[in-house]
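The values are calculated or read from the model by the stated rules, or taken from the named source; none is laboratory data. In this text, all values refer to a predicted model and were calculated from it rather than measured experimentally. Every residue, glycine among them, receives a Cβ derived from its backbone with ideal geometry; neighbour counts consider all protein chains shown. All accessible areas refer to the heavy atoms of the entire protein, side chains included, with ligands and DNA or RNA removed. Shrake-Rupley method; radii C 1.70, N 1.55, O 1.52, S 1.80 Å.
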Amino acid sequence: MTEVLKNYIGGKPIDVEVAEQSEVPDPATGEILGLVPMSGVEDVDRAVKAAHEAFEEWREEPVTRRARRFFKLQVLMEEHLDELAELATRENGKHVEEAAAETRRGIEVIELAASMTSVMKGETLDQVSRGVDVALHREPLGVVTAITPFNFPVMIPLWFAPLAIATGNTFILKPSPRTPLSANRLAELFSEAGFPDGVFNVVHGGRETVEALIDHPLVRAVSSVGNAATAHNIYKRTAERGKRVQALGGAKNHIVVMPDADLDLAANGVFSSAFSNGGQRCLAGSVGVAVGQIGDGLIEKLANIARRSQVGPGLDREMDSDIGLTPVTTAQAKERITGYIARGQEEGARLVVDGRENYEDGEGFFLGPTIFDNVTPEMELAKDEIFGPVLAIERMGDLDDAIRTINESRYGNAAAIFTTDGRAARKFRREVQCGMIGVNISVPAPVAYFPFTGWKDSFFGDLHATGRDGVEFYTERKVVIERWQ
Ligand code: NAD
């Protein structure tokens with residue numbers, strides 16, 4: 001019988017008594033890995049109460065000792081890296097090396113949390129007036145929650161949990177119902193690392209579960225990652241209740257290839273950015289902008305890489321993860337993506353490589369790389385977040401046109417430029433309205449010590465995830481003005 005997943009509350013797996021469940025298919029085989037319960041208001045209340053109870057003790061735990069547990073967690077994560085990567089691959093479909101890489105990025109946040117004794121320090125100023133000193137302290141908020149998407153089942157929960165917990169809060173994760181298995185495994189590892197019961201909790205479910213979390217009076221702050229509509233809904237609902245919120249949204253990232261670019265570097269960069277993890281990354285460069293005469297050469301190289309690329313299951317360690325394509329996460333996603341390909345042809349873009357062809361995928365949700373040329377900015381292919389292995393190439397006369405196109409997008413997550421001209425790179429960095437910029441780097445992902453800085457519809461809020469922003473988000477500041485006579 002297919003296993004029904006449990007919530008993880010107060011250090012224990014807990015059954016959820018609900019009628020509604022959703023299936024978790026293995027994207028490579030279609031096999032059902034588990035059933036996710038859609039937790040209701042009472043399940044959420046149980047988790048919040050457990051987290052609130054744990055908070056009373058956890059906030060009193062010295063920061064040195066809170067931080068020290070993250071050293072233990074870091075070691076455990078390294079020890080279980082292969083196991084975690086395989087689990088993420090089974091539920092998400094991505095290549096196992098990609099899953100290992102995301103786990104390592106998550107570990108970096110754990111390392112930042114281990115340095116909380118430095119990064120959480122306050123500020124003081126002596127003698128602002130005669131005999132008067134001022135000090136700024138940082139205090140935890142209480143119970144906080146994070147709502148996470150399917151595409152990085154290990155890394156994205158770890159963008160939030162370590163910083164929330166190291167600053168003294170207690171935490172509830174509501175993972176994507178598509179990838180709930182990694183979340184429960186993370187909860188077990190937090191317990192094994194010695195975090196007290198109730199400090200890290202997992203509640204499974206969907207929209208209603210999220211709404212119950214946002215509405216619960218004891219939940220103080222909400223972090224979320226999802227598409228733009230989800231981000232906006234969560235931002236609005238949380239802000240209306242006067243709570244702190246950071247809501248990361250969708251993306252449509254452009255990669256500009258200048259006429260002077262190193263063409264091999266650029267083509268390899270564009271290909272892996274567009275197609276790794278089946279194109280299901282918020283930093284995926286899904287629009288290539290070829291400036292000047294470089295378009296024909298770029299298309300030729302991309303088509304050559306596509307011919308060499310393999311399509312296969314993420315657990316195939318023989319497959320070259322840089323150019324291999326793993327399945328998309330659901331049958332519905334595959335249908336949505338093939339719909340975009342069909343409409344792209346109808347809109348008049350030139351289909352250079354068709355990812356729908358020549359792949360016998362059995363029960364899995366496989367698609368090869370699709371490359372369109374002569375895409376224009378008003379086409380769906382250029383505007384919508386397709387979130388699949390579809391690359392649109394636009395041709396532009398000069399860098400100004402390329403920058404204008406990028407800035408007209410509703411999204412502002414990331415943009416990259418391939419060039420050997422420092423002036424072009426500088427102009428691009430200064431004029432592009434996106435929060436993450438790559439120069440000769442096609443996936444400009446900030447390391448944990450910096451914030452993940454989406455703009456426009458890619459982010460709603462002000463303090464971003466990770467880096468110093470993450471610490472500020474999870475702490476309330478208190479300024480104390482003292483006079484001792
Ligand atoms: P999604 O928006 O469908 O779901 C994300 C999470 O929100 C899930 O836990 C889901 O259960 C919950 N949710 C869904 N609809 C909701 C609603 N109306 N109200 C409240 N909660 C809701 O996203 P997904 O398909 O799991 O993930 C892919 C999306 O996430 C893409 O748009 C991608 O760009 C985005 N993403 C963004 C970033 C970033 O850093 N900006 C990172 C990763 C993924």
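With the requirement that a residue be open to solvent by 80 Å² or more (accessible area, probe 1.4 Å) and among the charged types (D, E, K, R), what does the stretch 321-346 give you? Passing the criteria: 322, 335, 336, 343, 346. Kindly state which strands (runs of 3 or more DSSP E) lie completely within the stretch 97-181 and contain at least 3 residues that are open to solvent by less than 40 Å² (accessible area, probe 1.4 Å). So the answer is 132-140, 143-147, 170-174. Checking each residue of the stretch 267-285 against the condition of being open to solvent by less than 10 Å² (accessible area, probe 1.4 Å), polar (S, T, N, Q) and farther than 22 Å from residue 385 by Cβ gives no match.
If the condition is being among the hydroxyl-bearing types (Ser, Thr, Tyr) and either within 16 Å of the ligand (Cβ to nearest atom) or buried (at least 24 other Cβ atoms within 10 Å of the Cβ) (or both), then the stretch 186-223 contributes 209, 223.
Restricting to the stretch 316-343, name every residue that is charged (D, E, K, R) and part of a helix (DSSP H, G or I). Correct list: 334, 335, 336, 343.
Within the group 415, 425, 402, which residue is within 16 Å of the ligand (Cβ to nearest atom) and at pLDDT 95 or above? Residue meeting the stated conditions: 415. Residues that are within 29 Å of the chain's Cα centre (by Cα), over 18 Å from residue 350 (Cβ atoms), in a helix (DSSP H, G or I) and not β-branched (Val, Ile, Thr) do occur in the stretch 278-294. Mind listing just one residue for me: the one in the stretch 336-389 that is charged (D, E, K, R) and modelled with pLDDT under 95 and, of those, nearest to residue 415 (Cα to Cα)? Here the residue is 356.
So, in the stretch 72-96, how many residues would count as being outside any helix (DSSP H, G or I) and open to solvent by 10 Å² or more (accessible area, probe 1.4 Å)? Residues that pass the stated criteria total 1. Listed conditions (1) assigned to a loop (DSSP other than H, G, I, E, B); (2) near the ligand (Cβ under 10 Å from one of its atoms); (3) surrounded by fewer than 19 Cβ atoms within 10 Å (Cβ to Cβ) are all met by residue 259, apart from (2).
Does residue 197 meet the test of being at pLDDT 95 or above and either among the small types (Gly, Ala, Ser) or more than 30 Å from residue 117 (Cβ to Cβ) (or both)? Criteria not met by residue 197.
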